[in-house]
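Asks: Attaching a single structure in structure tokens format; questions to follow.
The values are calculated or read from the model by the stated rules, or taken from the named source; none is laboratory data. Keep in mind it's a predicted model, so treat the numbers as computed, not measured. All Cβ positions, even for glycine, are placed from backbone atoms using ideal geometry, and neighbour counts span all protein chains on display.
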Amino acid sequence: MDIDSLLSSGQLEQLISDKSSLNVPQVLATERPDKASSYLLNGRVVVLVNGSPYALIMPAILNDFLSSPDDMNEKSLFANFLKFIRAFATFLTLLLPGLYIAITSFHQELLPTELLFSILASRENVPFPSFVEIFLLEISFELIREAGLRVPSPLGPTIGIVGALVLGQAAVSAGVVSPILVIVVAITGISSFAIPDYSFGLHVRITRFVFIFLGYLCGFLGIALGLFVYLSMMAGTTSFGVPYMTGVSPLEKEKGNTYFLPPIWKREYRSTFLRSKKEKKQADISMKWCNGDGPKMH
Amino acid sequence: MSNSRISVPEAVSIILIVLVAHTLVSLPKNLLNVTGSATLINLLYVGIIMFFLVLLMVKLFKGFAGQDIIDISNFLGGPVFQKIVGMIFIFYFIFSSSILLRNFCECLKTVYYPMTSLFFILLTFIIALCISNNFNFSVTAKINLIILPIIFVSILFIFFANNQNLSFENMTPILGNGLFDTFVTGLGNLGAFGGIVFLYFIPPYLKEPKKFKKVAMISICLSIVYLIICVAIILLTFTFLLKVDEIMPLYSAARYIEFGSFFQRLESILLLIWIIGMACYFSITLHIAMNIFKKITNIRDSKPLLIPFALLMLSISLLPSNYSISKYLETDIYPRIVIWIGLVLSTLILILAYFKKRIKTLSHNNSQGQNISSTISKKKGFIGNESMD
Amino acid sequence: MKVWIRRLFILIVMIIFLVAFSGSYSALSIDNLSTVVAIAIDTSDINKLRMSFQFTNASSVSESGSTEQSPSIIYSIDCSSISNGVNLMNTYIGKELNLSHCKVIAFSEELAMNGISEEVYTLFNNAQIRPSTNVVITKCTAKYYLENSKPLAENLLTKYYEIFANSSKSTGYTVNATLGEFFSSLICDSCEGYAILGGISSEDSESTTGIDSQKDSSSKANSSSLSGKITSENIGMAVFKGDKLVGELNSIETLSFLATRNEISSFLVSVPDPNDSSSYIDIYLTPIIDSRIDVNIVNGSPYIEVSYSFTGRIYSMKANSNYLDDDVLDKISDSCSNYLETVFSNYLYKTSKDLESDINGFGKNAKSKFLTTQDFENYDWLEHYSDSFFDVSVDVSIRSSYLLTET
């Protein structure tokens, strides 16, 4: 690289990442030494930049951006439950506003009758179409979120709460937006906080606007085709030669690549896409005091 | 090319998505129209025939590991024959996917977009295909592998959610429209297995060409099971669908699903999943058609062909002037094309190529044997001459 | 430059698509729709049909307190066909009608007697109308029925419409007749259609109950014993032959229908007390297994064997009852079995001889006796159903009573 200076690992990340039309992050950035060492032991490459607190881990696939280092420390049942919650949160962040627009614009028969009447009643005095409403609210939410980062720390949480609650309530009382939409946007915002990786969360937050537009444009057809194109682009993305969506489908028989974790005594292989020198990281029976039937109860 | 190789599950899902795409539009009804209440028996009968056909195909393909039907036709009849066969298959893929696209968009327009011109609904699909087909084949195969189990679950969901309407008496009279219709005319239902045609083009894409037999066997078995479930949904739950033509019978079946007063009218969600499945199917056929053209014209990169082929697909889907013509093409012409081009022509090419290869191998062995014996006799003569001295 | 051309192209495509899909958006957007919860179709003096559409005021549904009932608005129009009626109503109210939440379609008795196939086909052809919409045949005008559809125990009209037909599973006095099933019966050559029988109770009902409790089970819509507020009532069912109304069934006959078709989970019957012929015992019965139906063709006529199996508990109690005694329970079981055999048998013969309508769908069971569809069609089951003979057997086993076993 022929550059004058490199001040942070974030800049290095942008310089070495492959071109991606989706702008998904292809490198994991972490401040946690245990996360970096865990990935290093599993066969990834870790890059440290002098002076920057972030370590870069590569190659990074989709599963990595939805995983937390604490998953390894919990029993697999709890870890998988949390992974499911995160995956669901990503789905909600990406698609909930778009689905809401699609349903209210083209597919109202999906709504239970009483809910439909609630929505109709709440929208009676609102002057804007639902697309403008949702756009306004989403942009306001992003403004509040960004402003909350810059406000001095004693006031930060208060401003966030005041901004969200008071502004939302005032907007509903003034008849500018409908209460149901405030709920939709709030759930979307909360779900975005459940995404462990900040960069990936940013990417999802931006992409949801595309789905909002597609849902407004042609309902479920737009969302379905948008999802198809999005998944194709994501599957076509590579992170340092590794396909981004490796291990997403449970039918793919590749060892060590699944999103949901097996119990720790079954995690015998490193991810096959890493082509590490030593593929097996655990013996078949790693707990030598067992006779092959699992831990003995005393 | 190594990046566009696919694994066994991906290959199986490609074969199955073809069947799934056609069942979502009108295939179960087409089968029921021919054989009536005996359709399930007919499907078992036709499925067994198809199974043996696939076994034969696998055996014939053994001598041509890693090659598809286009390469085999080149071996059989030279470049000219290869080009003819290639053009026939391009026509087959583009025609079948265009007509299916047209019918599916007609159904969408009827249900959800009454005020929108059909052209724009078609164009939406074409634009999505143009974007997604910029990537290589394995990308579409990956998406397909993710979406196909979800579609299967949705079909099973329709089946089990309608279980209170299930009535096995709908399978009677046991012979349906008669023995002749069930077992002779019913052979036309072989056209339901359009996915098997894709098996002829899968070998070059496989990561491990040796696993082609596994791909073929799993595909045909799952195809038969899936078809039986789809037809059972229609036949066992809705008698009237035997006598009335409804658009998208599976969608009509999904309209009956109700769980209490909250979970009702869920067919739109199923349609969202099915649209992604249809897009996968169109993407795969477009990929294969472009690849065939690339092979027969020896061009280096098939990406510039994307937009012309997509526009060709759009044009053909706009050709029928109304729904009844496109329905006729889907229900009557498509199954015949599957049988004649997909099954008969391909099997003939394989058989002839197989025998040609055997003859070549035998004659090569014979000529090698003659060479060895002449070499030995020359040596003996030389030694004899030496001994004479 | 290439990037800018590409971006411009994408922008132009987006604008074109916005314009192209805006038509469907404005037709289907939630703000431009008026939701219909029920439709009533009557004969008209001015035109062919008189259609009434029932709407609910959305704001009152969401804000009304628990004591208020949500008001409904009914508009009527005379029209030549259903599609014309919908079209005219769109014009009058200024918004597009949304029929996907229509729960009930009511036809007047007068219209039903002339045949309703055209209306049913048109309704089923509509992409919005659900196959699960209930079909009601009203003894009064359908519009009057809708006007008086005020739920007694429900606040929301839409909720009432959703759940009123579900009472068929536990009482057996009404049916959950849907548009999908009715349409299916019009096409089917092995069954006939049926609908819910609806009517209006009056403030001072001429009570038909009296002391004889048998009268409870012979009630029908428009003649029930309910008194008080004027409200709609759905008791009994309407029987069709083809698309024409040919008769009605009262509550006990409706119960027999549901028991034959295995669409009832539990019900209450009053059977004669074996020890005292002037009194009755109320028994709560539950089917043990599905009713078994066997159809044979004997000398060209259908011979239908139907066997039912129930288990029950004694609901009513009086002094000096001993329901711990096996003999007593056996006697009550026999009495119940005999009673139900008579009731079911009467019902089956009524459908065969009086109404000549196979609403039970025995034709589907008969199909297994034919080899091909052509043979079955040549036999013409629906015409031969009136020649049917029935062999009904009912097996009831009474377990006990409820909390009290002996007094």
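Asks: Which ones in region B:346-364 are in contact (Cβ under 8 Å) with a residue 12 or more places away in the chain, surrounded by fewer than 19 Cβ atoms within 10 Å (Cβ to Cβ) and out of contact with any Gly (no Cβ under 9 Å at 6 or more places or on another chain)?
Replies: Within region B:346-364, B:347, B:351, B:356 qualify.
Asks: Of the residues B:286, B:271, B:236, which single one is in a helix (DSSP H, G or I), within 14 Å of chain A (Cβ to nearest Cβ) and farther than 30 Å from residue B:71 by Cβ? Don't jump to the end; show me each part of the working.
Replies: On the way: B:286 fails: farther than 30 Å from residue B:71 by Cβ; B:236 fails: within 14 Å of chain A (Cβ to nearest Cβ).
None of the other options fit; the residue is B:271.
Asks: If only one of A:95, A:66, A:56, A:143 is under 16 Å from residue A:186 (Cα atoms) and in contact (Cβ under 8 Å) with a residue 40 or more places away in the chain, which one is it?
Replies: Values: A:66 fails: under 16 Å from residue A:186 (Cα atoms); A:56 fails: under 16 Å from residue A:186 (Cα atoms); A:143 fails: in contact (Cβ under 8 Å) with a residue 40 or more places away in the chain.
From the options A:95, A:66, A:56, A:143, the qualifying one is A:95.
Asks: Restricting attention to region C:366-390, report how many residues are facing chain B (nearest Cβ under 10 Å), surrounded by fewer than 19 Cβ atoms within 10 Å (Cβ to Cβ) and of a type in the set (A, V, I, L, M, F, W, C).
Replies: So the count comes out to 1.
Asks: Considering every residue within region B:77-91, establish whether at least one is closer than 26 Å to residue A:231 by Cβ and part of a helix (DSSP H, G or I). Spell out the reasoning first.
Replies: Of region B:77-91, the ones closer than 26 Å to residue A:231 by Cβ are none.
No - not one qualifying residue is present in region B:77-91.
Asks: Please tell me if residue A:121 is more than 7 Å from every other protein chain (Cβ to nearest Cβ) and modelled with pLDDT under 95. Don't jump to the end; show me each part of the working.
Replies: Values: more than 7 Å from every other protein chain (Cβ to nearest Cβ): no; modelled with pLDDT under 95: yes.
Against the criterion (more than 7 Å from every other protein chain (Cβ to nearest Cβ) and modelled with pLDDT under 95), residue A:121 does not qualify.
Asks: Here's something else I'd like to know. At least 2 residues that are closer than 23 Å to residue A:111 by Cβ in each: list the helices (runs of 4 or more DSSP H) lying fully within region C:132-190 that qualify.
Replies: Working: elements: C:142-147, C:157-163, C:179-187.
Hits in region C:132-190: C:157-163, C:179-187.
Asks: Exactly one condition in (1) of a type in the set (A, V, I, L, M, F, W, C); (2) more than 14 Å from every other protein chain (Cβ to nearest Cβ); (3) buried (at least 17 other Cβ atoms within 10 Å of the Cβ) is false for residue B:187; which is it?
Replies: Here residue B:187 meets the rest and fails (3).
Asks: Output the number of residues of region A:179-220 satisfying the condition of being farther than 21 Å from residue A:103 by Cα and either aromatic (Phe, Trp, Tyr) or over 16 Å from the mean Cα position of the chain (by Cα) (or both).
Replies: Residues flagged as farther than 21 Å from residue A:103 by Cα and either aromatic (Phe, Trp, Tyr) or over 16 Å from the mean Cα position of the chain (by Cα) (or both) within region A:179-220 amount to 3.
Asks: So, in region C:342-365, of the ones that are assigned to a helix (DSSP H, G or I) and in contact with a Ser or Thr (Cβ under 7 Å, 6 or more places away or on another chain), which residue ends up surrounded by the fewest Cβ atoms within 10 Å (Cβ to Cβ)?
Replies: Here is the first cut: in region C:342-365, the ones assigned to a helix (DSSP H, G or I) are C:342-354, C:362-365.
With in contact with a Ser or Thr (Cβ under 7 Å, 6 or more places away or on another chain) added as a condition, the list becomes C:343-344, C:347, C:351-353, C:363-364.
On the way: C:343: 20, C:344: 24, C:347: 23, C:351: 29, C:352: 21, C:353: 12, C:363: 22, C:364: 21.
Result: C:353.
Asks: Say whether the condition of being in contact with a helix residue (DSSP H, G or I) (Cβ under 6 Å, 6 or more places away or on another chain), crowded, with 19+ Cβ neighbours inside 10 Å and at pLDDT below 90 is met by at least one residue in region B:266-287.
Replies: Checked region B:266-287: at least one residue is in contact with a helix residue (DSSP H, G or I) (Cβ under 6 Å, 6 or more places away or on another chain), crowded, with 19+ Cβ neighbours inside 10 Å and at pLDDT below 90.
Asks: Give the number of residues within region B:8-58 that are surrounded by fewer than 24 Cβ atoms within 10 Å (Cβ to Cβ) and touching a strand residue (DSSP E or B) at 6+ places or on another chain (Cβ under 8 Å).
Replies: Matching residues across region B:8-58 total 1.
Asks: Kindly establish whether residue B:109 is assigned to a helix (DSSP H, G or I), more than 7 Å from every other protein chain (Cβ to nearest Cβ) and more than 27 Å from residue C:364 (Cβ to Cβ). Before you say what the answer is, go through the steps one by one.
Replies: Working: assigned to a helix (DSSP H, G or I): yes; more than 7 Å from every other protein chain (Cβ to nearest Cβ): yes; more than 27 Å from residue C:364 (Cβ to Cβ): yes.
Spelling it out, residue B:109 is indeed assigned to a helix (DSSP H, G or I), more than 7 Å from every other protein chain (Cβ to nearest Cβ) and more than 27 Å from residue C:364 (Cβ to Cβ).
Asks: A follow-up question, please. Search region C:43-57 for residues that are more than 14 Å from chain A (Cβ to nearest Cβ) and pair each with any residue that is surrounded by fewer than 16 Cβ atoms within 10 Å (Cβ to Cβ) and β-branched (Val, Ile, Thr) when their beta-carbon atoms are under 6 Å apart and the residues are at least 6 apart or on different chains.
Replies: C:52/C:74
Asks: Take residue A:27 and tell me if it is among the β-branched types (Val, Ile, Thr), more than 22 Å from the chain's Cα centre (by Cα), within 20 Å of residue A:270 (Cβ to Cβ) and modelled with pLDDT of 90 or more.
Replies: So residue A:27 fails the test.
Asks: Next question. Identify, please: which residue in region B:246-265 is modelled with pLDDT of 75 or more and part of a loop (DSSP other than H, G, I, E, B) and is, among those, nearest to the chain's Cα centre (by Cα)?
Replies: B:248
Asks: Just the residues that are facing another protein chain (nearest Cβ under 8 Å) and either surrounded by 18 or more Cβ atoms within 10 Å (Cβ to Cβ) or among the aliphatic types (A, V, I, L, M) (or both), please, taken from region B:148-178.
Replies: B:169, B:170, B:172, B:173, B:174, B:175, B:176, B:177, B:178
Asks: Answer yes if at least one residue in region C:168-179 is more than 18 Å from the chain's Cα centre (by Cα) and either buried (at least 20 other Cβ atoms within 10 Å of the Cβ) or of a type outside the set (S, T, N, Q) (or both), and no otherwise. Quick ask: steps written out before the conclusion?
Replies: At the first step, the residues of region C:168-179 found to be more than 18 Å from the chain's Cα centre (by Cα) are none.
No, because not a single residue in region C:168-179 is more than 18 Å from the chain's Cα centre (by Cα) and either buried (at least 20 other Cβ atoms within 10 Å of the Cβ) or of a type outside the set (S, T, N, Q) (or both).
Asks: Something else now. Applying the selection to region C:266-299, what residues are assigned to a loop (DSSP other than H, G, I, E, B) and closer than 30 Å to residue C:367 by Cα? Talk me through it step by step, then tell me what you get.
Replies: Residues of region C:266-299 assigned to a loop (DSSP other than H, G, I, E, B): C:266, C:274-275, C:288-291, C:299.
The answer is C:266, C:288, C:289, C:290, C:291, C:299.
Asks: What is the number of the single condition among (1) within 16 Å of residue A:93 (Cα to Cα); (2) touching a helix residue (DSSP H, G or I) at 6+ places or on another chain (Cβ under 8 Å) that residue A:148 does not meet?
Replies: (1)
Asks: Still on this structure, please answer the following. Could you identify the single residue in B:95, B:89, B:64 that is buried (at least 18 other Cβ atoms within 10 Å of the Cβ), away from every other protein chain (no Cβ under 14 Å), within 28 Å of residue B:219 (Cβ to Cβ) and modelled with pLDDT under 90? Working first, answer last.
Replies: Working: B:95 fails: modelled with pLDDT under 90; B:89 fails: modelled with pLDDT under 90.
Unique residue meeting the criteria: B:64.
Asks: Then there's this: Could you count how many residues in region A:212-260 are facing chain B (nearest Cβ under 10 Å) and part of a helix (DSSP H, G or I)?
Replies: Adding up the residues that qualify gives 21.
Asks: In the set A:204, A:182, A:229, A:177, which member is without any contact (Cβ under 8 Å) to a residue 60 or more places away in the chain and either in contact with a Ser or Thr (Cβ under 8 Å, 6 or more places away or on another chain) or surrounded by fewer than 18 Cβ atoms within 10 Å (Cβ to Cβ) (or both)? It would help to see each step written out before you state the result.
Replies: Working: A:204 fails: without any contact (Cβ under 8 Å) to a residue 60 or more places away in the chain; A:182 fails: either in contact with a Ser or Thr (Cβ under 8 Å, 6 or more places away or on another chain) or surrounded by fewer than 18 Cβ atoms within 10 Å (Cβ to Cβ) (or both); A:177 fails: either in contact with a Ser or Thr (Cβ under 8 Å, 6 or more places away or on another chain) or surrounded by fewer than 18 Cβ atoms within 10 Å (Cβ to Cβ) (or both).
None of the others qualify; the one that does is A:229.
Asks: Can residue B:139 be described as at the interface with another protein chain (Cβ under 8 Å from one of its Cβ atoms), among the β-branched types (Val, Ile, Thr) and surrounded by 20 or more Cβ atoms within 10 Å (Cβ to Cβ)? Reasoning before the result, please.
Replies: Values: at the interface with another protein chain (Cβ under 8 Å from one of its Cβ atoms): yes; among the β-branched types (Val, Ile, Thr): yes; surrounded by 20 or more Cβ atoms within 10 Å (Cβ to Cβ): yes.
When the stated conditions are applied, residue B:139 passes them.
For every residue, the table says whether it meets (1) more than 24 Å from residue A:218 (Cα to Cα); (2) out of contact with any Phe, Trp or Tyr (no Cβ under 7 Å at 6 or more places or on another chain).
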| position | (1), (2) |
| --- | --- |
| A:112 | no, no |
| A:122 | no, yes |
| A:125 | yes, yes |
| A:148 | yes, yes |
| A:152 | yes, yes |
| A:165 | yes, yes |
| A:176 | yes, yes |
